[in-house]
Each structure stands twice: as structure tokens, then as C-alpha cells.
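The values are calculated or read from the model by the stated rules, or taken from the named source; none is laboratory data. Quick caveat, the model's predicted, so the values are computed rather than measured. In this analysis, Cβ positions are derived from the backbone assuming ideal geometry, glycine residues included, and neighbour counts consider all displayed protein chains. Just so you know, the surface numbers come from the protein's heavy atoms only, side chains and all, with ligands and any DNA or RNA stripped out. Shrake-Rupley method; radii C 1.70, N 1.55, O 1.52, S 1.80 Å.
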Amino acid sequence: MIEFINVNKTYPNGVTALKDINLKIEQGEFVAIIGLSGAGKSTLIRCINRMHDINEGTLNVNGVDVSNLRGKQIRKFRRKIGMIFQSFNLVTRTSVINNVLVSSVPELPSWRKTLGLFPKDKKIAALEALDKVGILDKAYNRVDQLSGGQQQRVALARTLAQNPSIILADEPVASLDPVTAKVVMDDFKRINQEMEMSILINIHHVELALEYADRVIGIRQGEIVYDGKSEEVTQEV
Ligand code: ADP
Ligand code: ADP
């Protein structure tokens, strides 16, 4: 569960990106966060995995007050939270499976990673993750031979191999064409339903948010201005 209690976030330059946020997200929810550029969507999800620190209030994630985490605890905590970016953040000059494996065994010495010496059970788990997002046949291709949509699915497989309880996705389909965006959104939906992971997705494309998410949260100038079920939004529009 994710719970924001009276959370404020002001950047060092004085911009207040989150104002008195109160929000509760239960395990297994599929939530879309919508709002204009600069509304605070990115800041909101990046506070959850401590990429940003909050200034005031309390933010509990899976029973942990994230502000209390230090150094090594933050790294351990982040292992349970998958993060997906608009720009995929993959190592493009190596194979798809290596990208998935490197994040699934962070403790492995780097020389073993360089030589591709990964434990067999991790390799099987990586192939299973690639299968879940429909790109098993690309496992041994280099990432830079794949389309944008396929690359985002590699990033999703990499996150799945971590076995997180929460996936945070910051504009995951913003750089994809409309058809490919739907393919990737289908993957998120299936993962949410089959694996009961919570999914929080920032998306400026309102129609996609309403079509795929169960709950939609609207943010404007750092404040929550809407929070409700997708069906209800559709009825109001
Ligand atoms: P969104 O994701 O909805 O586009 P952001 O969370 O990125 O919104 O930004 C919210 C506000 O905070 C904006 O005014 C933005 O300029 C500001 N902001 C975002 N990141 C930083 C930062 N690292 N330093 C200072 N201001 C920032
Ligand atoms: P995105 O929409 O993907 O968050 P942005 O262009 O808003 O991309 O931000 C890119 C980076 O710049 C982020 O790390 C963000 O925190 C930072 N940033 C955004 N706005 C500001 C700002 N006004 N001042 C300083 N850094 C900012």
C-alpha cells in the first residue's frame, strides 16, 4: 500500500511541486495520474521510490515511512519497486536478455556480468519475463535492433525480473505511436491482472488513461483535483 499524508514537496529553487497531497493506493490497483506538463506527476511518483525527498508530511510505502530510509536501506527498498521511464533507459549495445539479467542479480560481481556468467535460474526467470511481454523471440537480439515499443517491453521485462510489488511508470508510452502505445498498455494491464502488482502510471493521454486504468487521479499545479474510477470519468465527460 502507498499512503501520502499531508505531503509537500518544494524543490531547492523554490518551486512547490506537491501541495498537501493525501492519497491512498491499495495493493493491486492500476492507477493513472493525469495532468498537464509541469503539474507534478513525475514528482509524485518519484517521491515514492525516494528518487526525490519530500519536505513535509508522511509517505508510507508497504508499511515503511520512506523518509526514514538511509543509504543501503534505500537500495534494498527500491528492489521491490520497479521504475519505467519514457526513454526506456536500456543498455542498447548489448542483448535484450543481458539487460534483464543485470537488474535481476545486482549482487553479482561485475566481471561475471561482463562475461555473461549469470546463474541458470536467473536466466530462466529472465526468459519467462520476456515471454510475459511477448518478446521472447528477441532475447538474443541487441536492444538497438528493436523498435521503440519492443524496447519499452524489454524495460518492463527487466522490471518484472525484479519481482516488484509496485511498478511506477513515468510517461511510458509518450514516445510511442498510438498503436504501439496500446500494445504496451495491454502489457501493463495484463501484468496488473495476472501478477497483482500495483501500477502507477503517469500519462498525458487522457483517453488511454481512461481505457486502461481502474482509477484516475488528476493533478493541477501540485494539487489533486480529481480522484475516481475511470468509468465515472467517462460518464461525466
Ligand atoms: P510533470 O511530471 O507533471 O510534468 P513535474 O513533476 O516534472 O511535472 O514538475 C512539477 C513542477 O516542478 C514543475 O514546475 C517543474 O518545473 C518543477 N520541477 C521538476 N523537477 C524539478 C527539479 N529537479 N528542480 C526544480 N524544479 C523541478
Ligand atoms: P519529464 O517530463 O520526463 O520529467 P522534464 O523535462 O520535465 O522531463 O525534466 C527532466 C529533468 O529535469 C528531471 O530530472 C526533472 O526533475 C528536472 N527538471 C524539471 N524541471 C526543472 C526545473 N524547473 N529546474 C530544475 N530541474 C528541473
Which count do you get for residues in segment 136-156 that are of a type in the set (A, V, I, L, M) and in contact (Cβ under 8 Å) with a residue 60 or more places away in the chain? 3
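Report those strands (runs of 3 or more DSSP E) wholly inside segment 27-133 carrying at least 3 residues which are away from ligand 1 (no atom under 16 Å from the Cβ).
Values: elements: 30-34, 56-61, 81-85.
In segment 27-133, 56-61 are the strands (runs of 3 or more DSSP E) which contain 3 or more residues that are away from ligand 1 (no atom under 16 Å from the Cβ).
Going by the structure shown, is K24 buried (at least 21 other Cβ atoms within 10 Å of the Cβ), assigned to a strand (DSSP E or B) and of a type outside the set (V, I, T)? It would help to see each step written out before you state the result.
On the way: buried (at least 21 other Cβ atoms within 10 Å of the Cβ): no; assigned to a strand (DSSP E or B): yes; of a type outside the set (V, I, T): yes.
When the stated conditions are applied, K24 does not pass them.
Quick check on my filter: what residues within segment 1-18 are assigned to a strand (DSSP E or B), within 16 Å of ligand 2 (Cβ to nearest atom) and of a type outside the set (G, A, S)?
Correct list: K9, T10, T16, L18.
Look at G38 and say whether it is within 18 Å of E223 (Cβ to Cβ) and either open to solvent by 50 Å² or more (accessible area, probe 1.4 Å) or within 11 Å of ligand 2 (Cβ to nearest atom) (or both). Steps first, please.
Details: within 18 Å of E223 (Cβ to Cβ): yes; either open to solvent by 50 Å² or more (accessible area, probe 1.4 Å) or within 11 Å of ligand 2 (Cβ to nearest atom) (or both): yes.
The answer is yes for G38.
In this structure, does D53 turn out to be within 16 Å of ligand 2 (Cβ to nearest atom), open to solvent by 40 Å² or more (accessible area, probe 1.4 Å) and among the acidic types (D, E)? Can you show your working first?
Numbers: within 16 Å of ligand 2 (Cβ to nearest atom): yes; open to solvent by 40 Å² or more (accessible area, probe 1.4 Å): yes; among the acidic types (D, E): yes.
Yes: the conditions hold for D53.
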Please specify each residue of segment 1-15 satisfying the condition of being within 11 Å of ligand 1 (Cβ to nearest atom) and either exposed (fewer than 15 other Cβ atoms within 10 Å of the Cβ) or among the hydrophobic types (A, V, I, L, M, F, W, C) (or both). Y11, P12, N13, G14, V15
Which one is surrounded by the most Cβ atoms within 10 Å (Cβ to Cβ), of the residues in segment 161-173 that are closer than 16 Å to L90 by Cβ and either at pLDDT below 95 or of a type in the set (S, T, N, Q) (or both)? A161
